[in-house]
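> Sharing a structure here in C-alpha cells format.
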Amino acid sequence: MSEYDSEENAQLHEGMESVEGENEDPSHTNARARAGSPFLYLEADDGSFGTYDECYANFKDKVAKVKDVWVILPVNAGDPPEIVSCKKFAEMYSTLQHSEPGKKPNTFVNKQFIGRFMKDGRLNGDRVFRAFGMYSEPRDCPADEFNLWTPFAVEAITAEGDSEQRINDLAFLLRHLFIVSGRVQVLYDHVLDWKAHCFQYPDIKSHMLCFVGNQGCGKSIIFGDTEESIGLMGNMVGKCKFFTTAEPEQYVWGKFNSIMASAYYVNLNEVGNFTHIGNINKGVGPLKTLIKGKEMTINDKGLSHVKMQSLAKYVYTANPKDGVNIPTEDAERRYVVIRCSDELCLGTFEGAPVKDYFETLGGLVQKPSLLRDLYDYLMARPVSRMFHKDDMPISNLQKQLNAANRDSIDQWLSSLEWDEGQTTKKLSNAAVWAGYQAYCTNESIHLRLGEQQFKNQLSARPFVTAYHDRKERGKLIDREGLERALPLAPEEQASQDPEPDFKTIATDFWNKRLVEEIAADPAKWKAARKAEARARKQERLAHERVRKEEREEAYYEAMAAVDV
C-alpha cells in the first residue's frame, strides 16, 4: 500500500466519522460497512462507498487473472469458475464504485472501481497466473498455474442408513449395470474398471465407452442425457463436471466449447448421425485427439483462444440406428462398443410394470448413501493405472462395425477364398489389381484408387509381402496374419452370461469395508454405531407417537359419530 493510499483512507474515514456523529443513526455504520463490498451494490446513507483499499480487499479473492482473461470464482463450492475476456469483465463490474476524499473537508467523491482494480500491481502477488492447469492433487499444481480442478461431489458425502437396505441398493444398481452391459460378464467387468479408473486415476486419460441400445433400455439413467437429468455418473462427479450434448462439433471441440473448461465426464448423447464426429475430415481427428490428449483449446464468443489441460472422460450413448456409424477400426484403442440388453424396453420386467423398476432406479441414482457406497466399491476395485489394448474387450457388435468400417482394400482381402489347409495365397500384380477392380464393381464401390496407389497401400499391410520370380512379380498374402488383422465379423450378438449373485457381491464388499473401518479406529466406529442406534430409536419413537395420535383421533371421531 502506498503512502498516498494510507493518507487517503485516513482522510476518508475522518470525514465519514464526522458525518456519522451528525446523523447519529445506529444503522448508518452497518450500512457503510456493507457498502465496503462491491458485490452488494450498496451505498451508505450519506451516499459514500467503502475506500478503494476496502473494496480491493473484499474483491480480489473473488477473481483471478490468467494471461489475457479474467476468472470469476464461483460463490458455491464445487461450481465451475467463469472465464471472461478483459472487455466483458470490465463491463460486468462497471457499476462498482469506491469513495475518495473530496477537495473540501468532510466530503467525498465516488469513482469507478473496476478500471483501477484491473491495473493494480498488487494483483501480481497471488491473483495473476501464467496458465490454466488441471490437477486432481492440488499439491501438484505449480504456483503460477490456476487450477480448474474441483473435487468429485461424491467425496463430500457421508453414507448413512440401514446396512441391509444399503446392501440391497448396491446390489440392485450393480445388476442394472450388468443389464446395460448386455449381460456379458467381460463387458460388465470392463464397465466397472472404466468407472473405477475415472475416480482412482482422474489425471490419466482413458478410452471412450460407446453404449448402443433402444430407447428405454436404461443407459441414460446411468450416463445422463440432459443438463437436468445428469444420471448416476453426473451425480457422482458433480453437475459442474458433467456435460452432455448431441452437437459435439459445436460444443466439445467447436467454436462454443467454453463449458469444456471444467467438464470431466462428457456424454455424447444420441448424436443424430455419427458423421458429425465420424466424418474423416471433420470429426475423427478432433475426437481421437480429445479422448487421449490432455490439452484442448477453449473457444467462446468474445474470448481469445485459451489452451488448457483437459482430463475429460468420454461416453457415447445412442440408439442402434445411429450406433452403426461409430468410427471404430480393427486396431482400435479409443473405443469400446457395448450393445445394451433391451429387456427393459418391453413394458414389463420380471412380471411387474417396467415403470416400477425405473422409479426405484431413479431414486437410487440420486440417493447419497448409494452414491457413496458405489464410490467406495469402485475405489476398492483393483484397476491398472493405464489401460492396455488387451484390457479392452471387443464385443460382437464392435467386430461387426470394424468389418463395416474397413476400407475397400481390406474388404477385398477379407473376401478372398481359401482352400482347406492353405496358408498363403500367391497372386501376380495383374491378378491382384484385376481382383480388386472386380470386387469394387460387384459391391458397387466407387473406384477411387489408381493401380499404383492400390499396390502401394496393399504393400503397407504387414501380412502382404512382394515376390519376384522368373515368370512374374506379385504379392504373397499370409492367411494367419490376415485373419488376425481382419477377423471375420460374427453374424449375431454374443450370448448372455449367467447373472452373478449381486447380493453376495454387495454383502462381501460391505463386510470387508466394515472390518477395515473397525480396524482403523475402533472407538470411532463404536461411537458411530451408537449414534446410529440412537437415531433409529428416535425415529421409531416418533413413528409410534404419530401412530398413537392417529389412533386417538380415530377414536374421538368414532365417539362423536355415536353421540350424533
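> Tell me the relative contact order for the chain as a rounded percent, counting alpha carbon contacts under 8 Å between residues six or more apart. Before the final figure, lay out each step's value.
Details: 811 pairs, mean separation 72.3, N = 564.
About 13 percent, as a whole number.
> Which of Tyr555, His543, Ala528 sits farthest toward the positive end of the charge dipole of segment 521-563, with +1 on the Cβ of Lys and Arg and -1 on the Cβ of Asp and Glu?
Ala528
> Out of the DSSP beta bridges found with both residues in the chain, what percent are antiparallel (nearest 5)?
Working: 30 of 54 bridges.
Of the beta bridges lying entirely in the chain, close to 55 percent run antiparallel.
> Please give the residues of segment 303-337, grouped as numeric ranges, whose backbone N is less than 13 Å from a label point set 7 Å along the Cα-to-Cβ vector of Val186.
337
> Determine the gain in length on full extension of the stretch His543-Lys255; use 0.36 nm per residue of separation and subtract their C-alpha separation, reporting nm with one decimal. Let's see the in-between values first.
Working: separation 288, 0.36 × 288 = 103.68 nm, distance 5.70 nm.
Full extension from His543 to Lys255 adds 98.0 nm.
> Grab every C-alpha pair in segment 154-228, bin the distances at 5 angstrom width from 0 up to the longest one, and report whole percents.
Histogramming segment 154-228 at 5 Å steps yields 3, 12, 18, 22, 22, 16, 7, 1 percent.
> Rounded to two decimals, what is Rg over Rh for segment 380-432 when you use alpha-carbon atoms and the Kirkwood radius?
1.20
> If you take the Cα atoms of segment 521-563, find Rg, then find the Kirkwood Rh from the mean of 1/r over all pairs, what is Rg/Rh?
Ratio of gyration radius to Kirkwood radius for segment 521-563: 1.46.
> Sticking with this one: Just to compare against my own numbers: the Cα pair-distance distribution for segment 38-171, 10 Å bins, whole % per bin, please.
Result returned by the calculation: 10, 31, 25, 16, 10, 6, 1, 0.
> Let me ask something additional. Compute the projected area of the convex hull of the Cα atoms of segment 407-485, averaged over all viewing directions, and report it in nm² to one decimal place.
5.4 nm²
> Under 19 Å between alpha carbons, and skipping anything fewer than 8 positions from Lys241 in its own chain: which aspartates and glutamates qualify?
Answer for Lys241, where 19 Å is the Cα cut-off: Asp79, Glu82, Glu137, Glu155, Asp203, Asp225, Glu227, Glu228, Glu295, Asp300, listed by chain and number.
> Next question, about the same structure. May I ask you to list the lysines whose Cα is less than 27 Å away from that of Lys471, ignoring any residue fewer than eight positions away on the same chain?
Counting by Cα, and skipping residues close in sequence, Lys471 has these lysines nearby: Lys425, Lys426, Lys455.
> Asp521 versus Glu557, label points 7 Å from Cα toward the beta carbon: distance in nm?
Rounded to a tenth, the inter-label distance reads 4.9 nm.
> On to the next question. Please express the shape of the chain as an equivalent ellipsoid: the semi-axes are the square roots of 5 times the eigenvalues of the C-alpha gyration tensor, given largest first in whole angstrom.
Over the Cα atoms of the chain, the ellipsoid semi-axes are 58, 40, 21 Å.
> Ok, one more. Given a Förster distance of 30 Å, report the FRET efficiency between Gln437 and Ala331 from their Cβ-Cβ distance, rounded to the nearest 0.05.
Rounded to the nearest 0.05, the efficiency is 0.70.
> Name the lysines eligible as straight-distance cross-link partners of Lys503: C-alpha to C-alpha under 21 Å, and not fewer than 8 places from it in the same chain.
Within the straight-line cut-off, Lys503 pairs with Lys195, Lys367, Lys512.
> Follow-up question, since we're still on this one. Name the long-range amide H neighbours of Gln97: under 5 Å, sequence gap of 5 or more, or other chain; modelled H, no Pro or chain starts.
HN-HN under 5 Å from Gln97: Phe113.
> Please report how far the C-alpha centroid of segment 315-380 lies from that of segment 448-503, rounded to the nearest whole angstrom.
Here the two parts' Cα centres lie 33 Å apart.
> Another question about this same structure. So what is Rg over Rh here for segment 411-553, counting just Cα atoms and using Kirkwood for Rh?
1.55
> Separate question: How big is the dipole moment of segment 65-145 about its Cα centre under a simple scheme where the beta carbon of each Lys and Arg is +1, that of each Asp and Glu is -1, and everything else is neutral? Debye, nearest 20, please.
Dipole magnitude for segment 65-145 comes out near 640 debye.
> Round to the nearest 0.05 the FRET efficiency obtained for Asn319 and Gln457 when R0 = 35 Å and r is the Cβ-Cβ distance.
0.50
> Could you list which residues have their amide H under 5 Å from that of Val63, counting only those 5 or more apart in sequence or on another chain, with H placed in the peptide plane?
Leu73
> Which order do the peptides 321-328, 98-105 take when ranked by the mean count of other beta-carbon atoms within 10 Å per residue, highest first?
Highest to lowest by the protection proxy: 321-328, 98-105.
> Calculate the FRET efficiency for Lys60 and Asn110 from the Cβ-Cβ distance with a Förster distance of 25 Å, rounded to the nearest 0.05.
Working from the Cβ atoms, E equals 0.80.
> Using label points projected 7 Å from each Cα along Cα→Cβ, tell me how many nm separate Asp203 and Arg534, to one decimal.
Simple spin-label model gives 4.2 nm for this pair.
> Taking the mean number of other Cβ atoms within 10 Å as a proxy for protection, how do you rank 143-153, 186-196, 431-441 from highest to lowest? Intermediate results must be reported in sequence, preceding the final value.
Values: 143-153: 17.4, 186-196: 19.4, 431-441: 15.6.
The packing order, highest mean first, is 186-196, 143-153, 431-441.
> While we're looking at this one, here's another question. Highest first, please rank the peptides 395-406, 308-319, 81-92 by the mean number of other Cβ atoms sitting within 10 Å of their residues.
308-319, 395-406, 81-92
Each reported figure results from applying straightforward, stated rules to the coordinates on display, with no laboratory input. Just so it is clear, the structure is predicted and the values come from calculations on it, not from any experiment. Here the Cβ is made from the backbone with ideal geometry for all residues, glycine too, and neighbour counts use every protein chain on show.
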